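Q: Here's a structure for you.
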Amino acid sequence: MLKKWTLLAAVAAALPVPAALAADNAALYGMRESVGDISMSPDGTQLAFIQPARDRGSVLFVASVDGGQPKPVFQSDGAPWKLSWCDWASNARLVCTLYGVADPGGGYPVPFTRLVAVGTDGSNIKQLGQNSLRGAYGLHQFDGRVIAWPEADNGQVVMTREYRQQEQTNTRLSNVEEGLGVDLIDTASLRVRRIEAPRIDASYYLADETGAVRVVGVPGTDGQGMLRDLMVYSYRKPGSRDWKPLSRATSDGKAFVPMVVDGKRNLAFGFRDKDGRSAVYSVALGDNAVETLLFAHDKVDAGNLIRIGRTGRVIGVSYTTEKPEYKLFDEEYATLAARLQKALPGLPIVNYVGASRDESRLLLFAGSDADPGRYYVYDKATRKLNEVALARPELESRPQATVKPISYTAADGTMIPGYLTLPPGHAGGKLPAIVMPHGGPSSRDEWGFDWLAQYYAAQGYAVIQPNFRGSAGYGDDWYVENGFKSWKVAVGDVNDAGRWLVSEGIADPSKLAIVGWSYGGYAALQAGVLDPDLFKATVAIAPVTDLKGLVGKAQNFTNARLVGDFIGTGPHLVEGSPALQAAKLKAPVLMFSGDQDLNVDISQSRAMEAALKAAGKPVELVTYAGLDHQIYDSVARADMLRRSDAFLKKVLKIP
């Protein structure tokens, strides 16, 4: 079996950590995870994994499960392309997704993906997307995605591909097809067999494990080509080429949204709301598309489908109450899960990452609140479980803070769930403290290892992460209208988290700060609008600051109507925009933003900076060139952590 040191050796080769930084918490916690993605070969004898390289780069390694030094086979420099995902087309070839952000002209950066195949020896690199002629009409953004791995595991993949009308000047070369189609592609020779002709109206396909296309999704549009809040799904019966109606899904969750097709059982698996919460259903793809409820919880939404093996067979569903939980439909894997819990004490978060074609060998991830996680290979025949890699080896010898589920009372009496992280070894007494609202707002915090919260705990802060009303995961009633339209409720709950820290004697009220990323950054700034005296320092990373500006920026894209509907209209566009309420803030503000952010354009941070300066308020904006919303760069993240800690210590007068 592969030993842990082999993957750690790859980390050392790709991203050495100078000894001088061993005690630098900002460098240690800001470092990207050592395993960005990992997968198992069809025969179960090899692993492929992506690891960070110097600067913003990434390297794909291949290692034998029987031992030996990992071999680098492919790399990207992160400027702009970064390796984001790889999996096996055969035991000798891999398919990888490259993701990048660039400005094709016009002043608006957009995302791009490219799908490439490479041999395990680094040879015969091929791009799998449609080759565009110079005269192609429209922008070729996305190469497509793999939707099935043929059973032969012979290097072929079934993938969606984006086609554009194109012609070559002064030649007879042309292509009149346009839209999203599905092809069977040999990743070594690039031989193509058409499975599904391109459709200009389609944006989504699902295939079963044989590669047969069984579901198509067509987004609704208005007369100007702008996207509407509608996706129309159709399906095919086995062996048929005719489409039958399946569902008409909108964001209200009342219609079935298919995620997986199991051809052997002739079922589609997906989600639909039940009693105001997301639930898991199967639909028989026969004459009448009969739905069957598989899982629903009376307090929280269903999370993700748990899938296994090369076919992506559905074996269960995950969900989160106070801590992550799961319901397994497959008896074999339910028994195995109980066995793994006993074999991995202290690591209750166990995820199936990959498997061999016959599922005799499994690739697992296990972690906890105080353990960033580790990867294992499990052999069913021998029942051996071998650790093969650490998610964050640089933190292995350092004690981490534990995370405690808590709840507190909001001003209107509602109990708000959240998580409290105290510094490791804290013996009591009032602490400098941080309220850290999550992003989204259609998201939630979960129990587990959080590098940002752990960094601040290591620096001596208490950290509370509230799942305020407006968070996802707790059903429609908790979501309210979302954290922008219902900002007073959401931000009010965030502020009440700070008051709870003080009332419980955890926080020193003179040393109470707020730190947030994305929507969390918005909430951090708007918290100072709602109660200017509560927090003494504010850190906002990639924050939304001007709701009208957010809607206006979207006008250049086809989702403008969706963004406008989500943000809404009315007085909250002004009252709920920190940049338009800057004069009310009292606490000094530090902001961070990447200048290639597609989620929240850097203009939002710049507008806040200008408004605060005009109001005579203390503010600093730190920008990172070439980085997007996640600031996916170890050096930049370490800089952000270091600067934010120094800012908080200075403003809060922490020695």
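Each value in this text was obtained by applying a stated rule to the coordinates, not by laboratory testing. Predicted model, so just to flag it, every value in this text is computed and none were measured. In this analysis, Cβ positions are derived from the backbone assuming ideal geometry, glycine residues included, and neighbour counts consider all displayed protein chains.
Q: Ranking request for peptides 411-417, 199-205: highest mean number of other beta-carbon atoms within 10 Å first, then the rest in descending order.
A: 199-205, 411-417
Q: Once both labels are modelled 7 Å past Cα along the beta-carbon direction, what's the T409-Q127 spacing in nm?
A: That separation, rounded to one decimal, is 6.2 nm.
Q: Ok, one more. How far is it, in nm, from the label point at D477 to the one at S203 when both lie 7 Å from their Cα along the line to the Cβ?
A: With each label placed 7 Å out from Cα toward Cβ, I get 3.2 nm.
Q: Still on this model: Let me check the size of the chain from its C-alpha atoms; what are the radius of gyration and Dmax in Å?
A: 25.2, 79
Q: Follow-up. State, to one decimal in nm, how far the label point of Q165 lies from the label point of E396, with both points 7 Å from Cα in the Cβ direction.
A: Here the answer is 5.8 nm between the modelled labels.
Q: Based on Cβ point charges of +1 for Lys and Arg and -1 for Asp and Glu, what charge dipole magnitude is obtained for region 403-650 about its Cα centre, in debye rounded to the nearest 20?
A: 640
Q: Where does the chain land at 222 nm, in deg cm²/dmol rounded to the nearest 500, when only DSSP H runs of n ≥ 4 count, each adding -39500 (n - 2.57), divided by all residues?
A: Counting only the DSSP helices, I get -5500 deg cm²/dmol.
Q: Please compute the net charge surrounding A615, taking Lys and Arg as +1 and Asp and Glu as -1 over other residues with Cβ under 13 Å from its Cβ.
A: It works out to a net charge of +3.
Q: What is the P(r) of region 403-650, as percent of Cα-Cα pairs per 5 Å bin from 0?
A: P(r) over region 403-650, rounded to whole percents: 1, 7, 15, 19, 21, 18, 12, 6, 2, 0, 0.
Q: Within region 366-393, find all residues whose amide N lies under 13 Å from a label point positioned 7 Å from the Cα of K323 along Cα-to-beta-carbon.
A: Under 13 Å, as judged by backbone N against the label point of K323, lie 367-371 of region 366-393.
Q: Do me a favour and compute the ellipsoid semi-axes for region 519-623 from its Cα gyration tensor, root of five times each eigenvalue, largest one first, whole Å.
A: So the equivalent ellipsoid measures 23, 16, 11 Å along its semi-axes.
Q: Another question, if that's okay. Taking the Cα centre of each part, how many Å lie between region 551-585 and region 347-382?
A: 43
Q: If you don't mind, there's one more thing I want to ask. How are the alpha carbon pair distances in region 429-559 distributed across 5 Å bins from zero to the largest one, expressed in percent?
A: 2, 11, 20, 23, 19, 13, 6, 3, 1, 0, 0
Q: Moving on. In a shell of Cβ-Cβ distance under 11 Å around F535, excluding F535 itself, what net charge do Lys and Arg (+1) and Asp and Glu (-1) give?
A: Local charge sum for F535: +2.
Q: When only Cα pairs under 8 Å and 6 or more residues apart are kept, what is the percent relative contact order across region 403-650?
A: For region 403-650, the relative contact order is 16 percent.
Q: A follow-up question, please. Strictly greater than 16 Å: what percent of every Cα pair in region 243-329 meets that?
A: 52
Q: Same structure, new question: Would you please put 399-405, 542-548 in order of how densely packed they are, using the mean number of other Cβ atoms within 10 angstrom per residue and starting with the highest?
A: 542-548, 399-405
Q: Which of the three applies to region 335-487, rounded, prolate or oblate, going by the alpha-carbon gyration tensor with a ≥ b ≥ c and a/c under 1.5 meaning rounded?
A: Note, shape of region 335-487 comes out oblate.
Q: While we're on this one: With r defined as the distance between the Cβ atoms of A79 and N288 and R0 fixed at 56 Å, what FRET efficiency is calculated, to the nearest 0.05?
A: About 0.60, to the nearest 0.05.
Q: If you find the alpha carbon centre of region 97-114 and of region 230-277, how far apart are they in angstrom?
A: 31
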